[in-house]
Amino acid sequence: MKTFRKLFVTVVSALAVVGIASAELEGWSTDLDKAMEQAKKEKKAILVEFTGSDWCPPCMMMRKNVFSKKEFVDAASKDYILVELDFPKADKELAKKNQPTAEKFKITGYPTVILLNSEGKEFNRFFASEHPSTEKFLAHLKAALEKKDMD
């Protein structure tokens, strides 16, 4: 009976983690085409995060420590339309739907962030986990935008 209880708790815990991992982030879009339209209207850049929300430890860490934080979303949304493209193991259809975009941008690792101008032209690319706090990530976004404006 104890073995069954341990197995039950393990399964329920795993399902809860997958549910949390695959939940959509507040303030983030999952549709790059719609985000591009919005970016043109609002004259903003686009931040696209390619993530493996239920299997990639750095992705999960970034979601927990940066991307899900209201302070990050509020600050980043002033200059960027935020887009999350997920490649979860638990949702093969979602991963398949996002695969052509990953191929288009030649994504080779996760969590990769690509910054696009309002016309969809890439101006910066980096691994999100290089900037593991809200402050560091926002500072990088600001510097990337300033450098883009000088080019």
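Every number in this text was worked out from the coordinates using simple rules, so none of it is lab data. In this text, all values refer to a predicted model and were calculated from it rather than measured experimentally. Positions of Cβ are backbone-derived with ideal geometry, glycine not excepted, and every protein chain shown enters the neighbour counts.
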State the volume of the convex hull built on the alpha-carbon positions of segment 2-150, expressed per residue in Å³ and rounded to an integer. 113
Between LYS70 and GLU146, what is 0.36 nm times their sequence separation minus the Cα-Cα distance? Round to one decimal in nm. 25.0 nm
Going 7 Å from the Cα of THR30 toward and past its Cβ, which residues in segment 93-119 have a backbone nitrogen under 17 Å from where you end up? 93-102
Along Cα→Cβ, 7 Å out, is where each label goes; now give me the distance between the ones at MET61 and LYS104 in nm to one decimal. 3.0
Any lysines whose Cα falls less than 19 Å from that of LYS34, other than same-chain ones fewer than 8 residues away, would be LYS43, LYS44, LYS78, LYS96, LYS97, LYS104, LYS121
C-alpha center-to-center spacing [segment 104-127, segment 57-102] in angstrom: 13
Cross-link reach list, aspartates and glutamates versus LYS92, counting only Cα pairs under 14 Å and skipping chain neighbours closer than eight places: ASP54
